[in-house]
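To start, the structure under review is shown below, and the notes come after it.
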Amino acid sequence: MCPDQPRSPTRVRRVRVAHHPGREPAYTALALLASALLAILAAATHIVLAVAFWSQANAYDERDRLVVLRSERIAGSVLAAGVFAGIGLAMAQVDRFWIAQALIAALVLAEITDGVSKVVLYRRGT
């Protein structure tokens, strides 16, 4: 560049929100708060239901145990596939935000699969 020529304007650097260091602690705190509130809500719901329906709280027979085992096995397979997908994203060096989203989606899909498979197994009479 010749000293007589004016310098070109500086380039504006674009920063993605997910990589902004000031934003990460806010996401972390929010995720921890949401997790804590969800755990408290789940515990309170279980206590209320156990008190309201105390006679049916532990009324499981062999069929119920088999349905729970089979549905959890199916849901565990879905969760394992989602975790491997998250590991694959990490190996591909994808942004941490998307890895976390993939892992959360795997957990949600596993729980949905668990519930749907329980309904299907009870309807089948297995």
In a Debye calculation with equal point scatterers on the alpha-carbon sites of the stretch 60-126 and no solvent, what is log10 I(q)/I(0) at q = 0.20 Å⁻¹? -0.73
Taking R0 as 30 Å, what's the FRET efficiency between HIS46 and ALA85 from their Cβ-Cβ distance, rounded to 0.05? 0.45
Give me TRP54, TRP98 sorted ascending by neighbouring Cβ count inside 10 Å, so fewest comes first. TRP54, TRP98
Kindly state, to the nearest 0.05, the FRET efficiency for ALA57 paired with VAL94, given R0 = 41 Å and r defined as their beta-carbon distance. 0.40
Neighbour-count ranking for ASP95, ASP61 (other C-beta within 10 angstrom, fewest to most) reads ASP61, ASP95
Across the stretch 99-110, in residue order, what do the Karplus-derived ³J(HN,Hα) couplings come to in whole Hz, using 6.51 cos²θ - 1.76 cosθ + 1.60 with θ = phi - 60° and x for Gly and Pro? 5, 5, 5, 5, 5, 5, 4, 5, 5, 5, 4, 5
Residue-by-residue Karplus 3J(HN,Hα) for the stretch 38-51, coefficients 6.51, -1.76, 1.60, Hz, glycine and proline x: 5, 5, 5, 5, 5, 5, 5, 5, 5, 5, 4, 5, 5, 6
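Just so you know, all these numbers are worked out from the coordinates, no wet-lab data involved. Quick caveat: nothing in here was measured; it's all calculated off a predicted structure. We place every Cβ from the backbone using ideal geometry, glycine too, and count neighbours over all the protein chains shown.
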